[in-house]
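One structure below.
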Amino acid sequence: MPAFSLDPVRTAWCAELRTTAAERLRPLAEKGEPGRVNRPLVAELGQLGLLRRLFTSGALDLCLMRESLAYACTEAETALALQGLGAYPVHAYGTPAQRDRWLPEVEHGTAVAAFALSEPGAGSDAAALGLRAEADGGGDGAAEGERHAQAPIGSTPRPASASPLAAEADGRSRWRLSGEKCWISNAPEADFYTVFARTTPGAGARGVTAFLVPADRPGLTGTALDMLSPHPIGALGFDAVPVTADDVLGEPDRGFRVAMGTLNLFRPSVGAFAVGMAQAALDATLAHTARRDAFGGKLKDLQTVAHRVAELALRTDAARLMVYAAATAYDEGAPDVPKRAAMAKLLATETAQYVVDAAVQLHGARALQRGHLLEHLYREVRAPRIYEGASEVQRGIIAKELYAETEASR
């Protein structure tokens, strides 16, 4: 079963990815400016065909890509993941015109995508979004044609249906977006944004619509944020930004499904990113403790050190197996994907934090020197416990799903 034993082809592919990341991607990453989109790196990911695989592979292969890249070059992993997160809603929920316009450029690494969900007052509570999408005449924004349902990764999404109502609207329905987004990866440098806005006040998660918003729309501004993590993060301002029915992803007032459908896929792969970092930290620790002289022997000869390293390996492998199991469940269309995805992200990101921190402790002060692998991982490993749903949110999802399963079994 692939969740527990990878076949030789996948094992060889992972090894190839690690080599490619070290030899071709890391040099480009090292030339990048922290906090800025590294477009040469994104373009190389496209040249290697990895961005195309975001839309043609299953969830397990997505996890293997992210884990393998993270092991050798976290910047390349993050660049790939952000392209997927921002563009997957277009792949799965977009119209043929939207997909034809943006996906080829995303796959080639010539257009940068971003997923704009979080707000200053609505980070983990996505249903509390305050960005307003106010009707701007030309028809009722809620009365749009039917859109296709969620398409699993690797499939060909169904085209939007040509209902009489949609034909009548003919793209004339329009809104104005007003408000702000914050903590948006790739902002403010992305070429387009998947933006979630409130179209029905007071409706909670049911009143949110997803829009595809090109970066050159009038009224859209952005500011870079100086964050601990080296990848680009910014805030966006929306001053009556115009959008029309042609920009809607999915259906009006059903954008929360777009967000959750995307996150259910990418949450296990966030765990894969974390596992890749944990494995890199573990391997560095094995090498260091085996050669470091201490107290008349090698550091690894101290029982406390050996037992600590064994614990790191145990937790890393346990997290990896849960990530693979969640990804396999997604690929098989299992009904408990939300619970498994939350479990995988929670366990893997918390594990990676523990492993990297312990690795720093076993290395000592040298691990905190600027430019050391562990110094880099120490900065990178913190953010995944927050984004795409903080650890506390994942625990809430798990509990909710468990009680729902219990109730359904009665």
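Kindly provide the set of residues from segment 22-38 that are surrounded by 13 or more Cβ atoms within 10 Å (Cβ to Cβ) and within 29 Å of Ala327 (Cα to Cα), ordered by number.
Ala22, Arg24, Leu25, Arg26, Ala29, Val37, Asn38
Tell me which of these Arg292 doesn't satisfy, since it passes every other one: (1) charged (D, E, K, R); (2) surrounded by fewer than 23 Cβ atoms within 10 Å (Cβ to Cβ); (3) out of contact with any strand residue (DSSP E or B) (no Cβ under 7 Å at 6 or more places or on another chain).
Result: Arg292 passes all but (3).
Name the pairs: first residue in segment 105-120 and at pLDDT 95 or above and in a helix (DSSP H, G or I), second residue surrounded by fewer than 22 Cβ atoms within 10 Å (Cβ to Cβ) and not hydrophobic (A, V, I, L, M, F, W, C), Cβ to Cβ under 7 Å, at least 6 apart or on different chains?
Glu107/Gly46; Glu107/Arg52; His108/Gly46
Yes/no per residue for (1) in a helix (DSSP H, G or I); (2) under 20 Å from Ala274 (Cα atoms); (3) in contact (Cβ under 8 Å) with a residue 60 or more places away in the chain; (4) not assigned by TED's automatic domain parsing to the domain that holds Met227:
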residue: Ala334; (1), (2), (3), (4): no, no, no, yes
residue: Thr351; (1), (2), (3), (4): yes, yes, yes, yes
residue: Tyr354; (1), (2), (3), (4): yes, yes, no, yes
residue: Leu362; (1), (2), (3), (4): yes, yes, yes, yes
residue: Ala365; (1), (2), (3), (4): yes, no, no, yes
residue: Glu375; (1), (2), (3), (4): yes, yes, no, yes
residue: Gly389; (1), (2), (3), (4): no, yes, yes, yes
residue: Val393; (1), (2), (3), (4): yes, yes, yes, yes
residue: Glu405; (1), (2), (3), (4): yes, no, yes, yes
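Inside segment 367-387, can you point out the residues that are surrounded by fewer than 20 Cβ atoms within 10 Å (Cβ to Cβ) and more than 22 Å from the chain's Cα centre (by Cα)?
Passing the criteria: Leu368, Gln369, Arg370, Gly371, His372, Leu373, Glu375.
Go through (1) buried (at least 16 other Cβ atoms within 10 Å of the Cβ); (2) more than 30 Å from Ala334 (Cβ to Cβ) and name the single condition Thr19 misses.
So the condition that Thr19 fails would be (1).
If a residue has to be closer than 19 Å to Gly121 by Cβ and surrounded by fewer than 24 Cβ atoms within 10 Å (Cβ to Cβ) to count, how many in segment 175-184 make the cut?
5
Of the numbered conditions (1) closer than 22 Å to Ala128 by Cβ; (2) in contact with a Phe, Trp or Tyr (Cβ under 9 Å, 6 or more places away or on another chain), Gly219 fails exactly one; give the number of that condition.
For Gly219, the failing item is (1).
Are any of the residues in segment 305-327 in contact with a strand residue (DSSP E or B) (Cβ under 8 Å, 6 or more places away or on another chain), of a type in the set (D, E, K, R) and without any contact (Cβ under 8 Å) to a residue 60 or more places away in the chain?
No, because not a single residue in segment 305-327 is in contact with a strand residue (DSSP E or B) (Cβ under 8 Å, 6 or more places away or on another chain), of a type in the set (D, E, K, R) and without any contact (Cβ under 8 Å) to a residue 60 or more places away in the chain.
Could you grab me the full set of residues in segment 286-304 that are part of a helix (DSSP H, G or I) and not small (Gly, Ala, Ser)?
Leu286, His288, Thr289, Arg291, Leu299, Lys300, Asp301, Gln303, Thr304
Could you pull out every one of the strands (runs of 3 or more DSSP E) wholly within segment 190-285 that has 3 or more residues that are surrounded by 23 or more Cβ atoms within 10 Å (Cβ to Cβ) and of a type outside the set (D, E, K, R)?
Per the criteria, 192-198, 208-214, 233-244.
Given the conditions (1) under 30 Å from Ser57 (Cβ atoms); (2) modelled with pLDDT under 95, and given that Ala167 satisfies all but one, which numbered condition is not satisfied?
(1)
The values are calculated or read from the model by the stated rules, or taken from the named source; none is laboratory data. Please read all numbers here as calculations on a predicted model, not as lab measurements. Cβ sites come from the backbone with ideal geometry, for glycine too, and all protein chains shown count toward neighbours.
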